[in-house]
1. Name the single residue that is farthest from Leu58 (Cα to Cα) among those in region 110-128 being buried (at least 20 other Cβ atoms within 10 Å of the Cβ) and aliphatic (A, V, I, L, M).
2. What number of residues in region 3-14 are within 13 Å of ligand 1 (Cβ to nearest atom) and either more than 24 Å from Pro147 (Cβ to Cβ) or in contact with a strand residue (DSSP E or B) (Cβ under 6 Å, 6 or more places away or on another chain) (or both)?
3. Could you pull out the residue among Glu36, Glu40 that is loosely packed, with under 14 Cβ neighbours inside 10 Å and either out of contact with any helix residue (DSSP H, G or I) (no Cβ under 7 Å at 6 or more places or on another chain) or of a type in the set (Val, Ile, Thr) (or both)?
4. Looking at Phe37, Phe23, which is the one that is away from ligand 2 (no atom under 16 Å from the Cβ), without any contact (Cβ under 8 Å) to a residue 60 or more places away in the chain and over 30 Å from Cys166 (Cα atoms)?
5. Within region 65-77, does at least one residue satisfy the condition of being in contact (Cβ under 8 Å) with a residue 12 or more places away in the chain and within 30 Å of Asp134 (Cα to Cα)?
6. One residue is enough: does region 164-175 have a residue meeting the conditions among the small types (Gly, Ala, Ser) and away from ligand 2 (no atom under 13 Å from the Cβ)?
7. Hey, does region 61-68 have a residue that's surrounded by 12 or more Cβ atoms within 10 Å (Cβ to Cβ), on the phi < 0 side of the Ramachandran plot and in a loop (DSSP other than H, G, I, E, B)?
8. Looking at Lys46 and the list (1) within 9 Å of ligand 1 (Cβ to nearest atom); (2) farther than 20 Å from Ala173 by Cβ, which single condition is not satisfied?
Amino acid sequence: MTNIKACLFDLDGVIVDTAKYHFIAWRELAAELGFEFTEENNERLKGVSRMTSLEILLEVGGVSLPEEKKIQLADQKNERYVSYIAKMTPDEILPGVVDFLNQLKKAGIKTAIGSASKNTPIILERLKLSHYFDAIIDGNKVSKAKPDPEVFLKGAEALGVLPSDCVVFEDAAAGIEAAINGGMRCVGIGQPEILGKANMVVPGFENFGLNELMKLGNGQ
Ligand code: BG6
Ligand code: MG
């Protein structure tokens with residue numbers, strides 16, 4: 001293997017499609033506040049923290065509220081979201097993910113989660129994936145949101161690997177920026193139009209394995 005010693009994975013949108021549950025919970029909150037929140041609006045929330053997501057939602061609805069009320073609404077949305085994700089099963093792991101994680105394990109490449117979500121532990125537990133990762137850095141452990149590289153730098157540190165020896169997998173533009181800002185290579189999961197700054201963009205893990213990973217391994 002080349003100089004790739006660790007793979008760092010974003011969670012939402014990379015390992016599992018939780019965006020649909022976030023969307024339902026945010027849309028219900030918007031409806032209660034008296035406005036419509038569309039799937040297109042929801043795109044803006046990908047990779048963004050819970051409180052910033054609420055700010056964007058309120059901006060869409062043209063609603064301004066005191067801080068205390070915002071915290072209450074964010075909690076309310078989260079309770080709903082948690083009630084949805086609490087029913088998730090391993091069937092919802094995105095295609096090819098487990099296979100790729102197994103390939104990494106066999107090749108001795110370390111793995112970590114680097115996610116903004118404070119619900120990371122419950123999601124990994126529902127998907128029965130917690131034991132696959134050597135380190136889990138989530139929204140409970142970081143103070144700076146992507147595109148700040150904190151979440152990935154902490155991941156690399158926890159694994160004892162240099163940032164330059166890590167590859168990040170991300171579905172959000174802010175996450176790709178975070179990887180670049182941290183001095184890491186990155187693979188975009190999704191559309192090249194959105195993730196163009198990544199070293200490589202693929203639609204998912206179905207046709208992605210060690211061979212494809214190695215293409216990034218020449219220190220580019
Ligand atoms: C990110 C999601 O992974 O986590 C965002 O892409 C979400 O949409 C953020 O807002 C925070 O998640 P949570 O679970 O802490 O509300
Ligand atoms: Mg994501």
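1. Ala112
2. Let us first name the residues in region 3-14 that are within 13 Å of ligand 1 (Cβ to nearest atom), namely 9-14.
Filter once more, so that each one left must be either more than 24 Å from Pro147 (Cβ to Cβ) or in contact with a strand residue (DSSP E or B) (Cβ under 6 Å, 6 or more places away or on another chain) (or both): 9-11, 14.
Going through region 3-14 one residue at a time, the tally reaches 4.
3. Numbers: Glu36 fails: either out of contact with any helix residue (DSSP H, G or I) (no Cβ under 7 Å at 6 or more places or on another chain) or of a type in the set (Val, Ile, Thr) (or both).
The unique qualifying residue is Glu40.
4. Details: Phe23 fails: away from ligand 2 (no atom under 16 Å from the Cβ).
Every option except Phe37 fails the conditions.
5. The answer is no, given that none of the residues of region 65-77 is in contact (Cβ under 8 Å) with a residue 12 or more places away in the chain and within 30 Å of Asp134 (Cα to Cα).
6. In the first step, residues of region 164-175 are kept if they are among the small types (Gly, Ala, Ser); the result is 164, 172-175.
Right, trim to away from ligand 2 (no atom under 13 Å from the Cβ) and you get 164.
The answer is yes; a qualifying residue exists.
7. Keep residues of region 61-68 that are surrounded by 12 or more Cβ atoms within 10 Å (Cβ to Cβ), which gives 61, 63, 65.
Of the ones still in play, those that are also on the phi < 0 side of the Ramachandran plot are 61, 63, 65.
Remaining after also requiring in a loop (DSSP other than H, G, I, E, B): 63, 65.
Within region 61-68 (the criterion being surrounded by 12 or more Cβ atoms within 10 Å (Cβ to Cβ), on the phi < 0 side of the Ramachandran plot and in a loop (DSSP other than H, G, I, E, B)), the answer is yes, since at least one residue qualifies.
8. Of the numbered conditions (1) within 9 Å of ligand 1 (Cβ to nearest atom); (2) farther than 20 Å from Ala173 by Cβ, the odd one out for Lys46 is (2).
FYI, it's all coordinate maths here, none of it is from the lab. Source: prediction; values computed, not measured. Reconstructed Cβ throughout: ideal geometry from the backbone, glycine too, with neighbour counts over all protein chains shown.
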